[in-house]
Amino acid sequence: MQHVLNYTRNYREAYETNRTVVNICHDMILIGRKAPIEGWVKLNTDGSCRENGRAGCGGIIRGSDGEWLGGFSKSIGVCSAYMVELWGVYEGLRYARIWDFERLS
């Protein structure tokens with residue numbers, strides 16, 4: 001946790017003094033995937049919004065062994081980051097229903 005505080009402090013000091021931060025040490029954080037229970041599928045979604053408001057979302061549905069079962073991407077148009085995240089969840093649930101996945105996590 002100390003490295004996060006130092007990292008944040010360095011950027012705050014740079015912002016306040018209008019200088020550039022160089023040689024920041026980056027730590028590697030391993031991110032894992034937790035598989036669903038046997039017979040269930042996992043839905044992961046994400047959305048993205050540019051500064052001009054253009055937005056899109058996408059997602060993937062995987063089985064309990066990590067196998068790809070389906071995916072989607074969609075251009076939303078212009079909306080907020082919050083709304084595009086909701087669009088991603090909505091579209092993911094819609095496709096799960098279309099593809100007859102009843103046990104979704």
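The values are calculated or read from the model by the stated rules, or taken from the named source; none is laboratory data. Model, not experiment: these values are computed from the prediction. Note: ideal-geometry Cβ built from the backbone for every residue, glycine included; neighbour counts use all protein chains shown.
Data table
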| quantity | calculated |
| --- | --- |
| Criterion violated by SER105 - all others in (1) at pLDDT below 90; (2) touching a Cys at 6+ places or on another chain (Cβ under 6 Å) satisfied | (2) |
| Subset of segment 36-52 [among the hydroxyl-bearing types (Ser, Thr, Tyr) and surrounded by 15 or more Cβ atoms within 10 Å (Cβ to Cβ)] | THR45 |
| Single residue of segment 86-100 satisfying the filter (among the aliphatic types (A, V, I, L, M) and in contact (Cβ under 8 Å) with a residue 40 or more places away in the chain) that is nearest to VAL41 (Cα to Cα) | ALA96 |
| Scan of segment 53-85 for residues that are surrounded by 12 or more Cβ atoms within 10 Å (Cβ to Cβ) and either within 22 Å of PRO36 (Cα to Cα) or acidic (Asp, Glu) (or both), ordered by number | GLY58, GLY59, ILE60, ILE61, ARG62, GLY63, SER64, LEU69, GLY70, GLY71, PHE72, GLU85 |
